[in-house]
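Here's the structure, in structure tokens; my notes come after.
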Amino acid sequence: MMNFDGKVLLVDDEVHIRKFVGLVLKKFCRPTILEAGDGIQALAVFAQEKPDLVLLDVNMPNMDGLQTLERLLQTAPDANVVMLTSLANRQTIEECVRLGALGYIRKDTPKDELGAQLESIMQDCLGEDPLPAPGQLQP
């Protein structure tokens, strides 16, 4: 289990997707899960909570994932954002990466594989053990 116990913002207009991804995350780390149902909510939650990682749906009402990604990175250029998508439209994915997303994850990925992808992404962008385990002293 990773020692990560920071904040992860799950942005998706479908509640069951947020719950599913949150449960998968909790299998290998102890994050504080923040949720938003659209891009407008996501920007507000991000501004208030400053999460360590944002998992952002591409297709949402009000403000889609691309617009949200752009606005988010304008205000926080070092934000760690990974796109969630049900359609692996190459053009959309390339646009997300061009705008500054770290990558993408397909929502229809099997649970175990999804967990492995999330863990790998978190280790890459947050470092293997970004926070000391409870009870450990910091150097």
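Observations on the structure shown:
- Looking only at residues in segment 80-98 that are in contact with a strand residue (DSSP E or B) (Cβ under 9 Å, 6 or more places away or on another chain) and in a helix (DSSP H, G or I), the one that is least open to solvent (accessible area, probe 1.4 Å) is 96.
- Sole exception among (1) surrounded by 17 or more Cβ atoms within 10 Å (Cβ to Cβ); (2) touching a residue at least 60 places away in the same chain (Cβ under 8 Å); (3) farther than 18 Å from residue 126 by Cβ for residue 114, by number: (3)
- Which numbered condition residue 73 fails, given (1) in a loop (DSSP other than H, G, I, E, B); (2) touching a residue at least 12 places away in the same chain (Cβ under 8 Å): (1)
- Within segment 28-39, being assigned to a loop (DSSP other than H, G, I, E, B) and open to solvent by less than 60 Å² (accessible area, probe 1.4 Å) holds for 28, 29, 31, 37, 38.
- Looking only at segment 10-27, and only at residues there that are in a loop (DSSP other than H, G, I, E, B) and touching a Gly at 6+ places or on another chain (Cβ under 6 Å), the one that is most open to solvent (accessible area, probe 1.4 Å): 27
- Among the candidates 46, 4, the residue that is crowded, with 19+ Cβ neighbours inside 10 Å and in contact with a Cys (Cβ under 7 Å, 6 or more places away or on another chain) is uniquely 4.
- The residues on offer are 46, 28, and the sole one that is in contact with an Asp or Glu (Cβ under 7 Å, 6 or more places away or on another chain) and among the hydrophobic types (A, V, I, L, M, F, W, C) is 28.
- Test for residue 56: is it part of a strand (DSSP E or B), open to solvent by less than 20 Å² (accessible area, probe 1.4 Å), closer than 18 Å to residue 15 by Cβ and modelled with pLDDT of 95 or more: yes
- If you go through segment 58-85 and keep only what is in contact with a Lys or Arg (Cβ under 8 Å, 6 or more places away or on another chain) and not hydrophobic (A, V, I, L, M, F, W, C), you end up with just 85.
- Evaluation of residue 63 against (1) farther than 21 Å from residue 20 by Cβ; (2) surrounded by 13 or more Cβ atoms within 10 Å (Cβ to Cβ); (3) modelled with pLDDT of 95 or more; (4) aliphatic (A, V, I, L, M) (one fails), failing number: (3)
The values are calculated or read from the model by the stated rules, or taken from the named source; none is laboratory data. The structure presented is a predicted model; accordingly, all values stated were derived computationally and were not measured. A quick note on method: Cβ atoms are made from the backbone with ideal geometry, for glycine too, and the neighbour counts reach across all protein chains shown. With ligands, DNA and RNA removed, areas are computed over all heavy atoms of the protein, side chains included. Shrake-Rupley method; radii C 1.70, N 1.55, O 1.52, S 1.80 Å.
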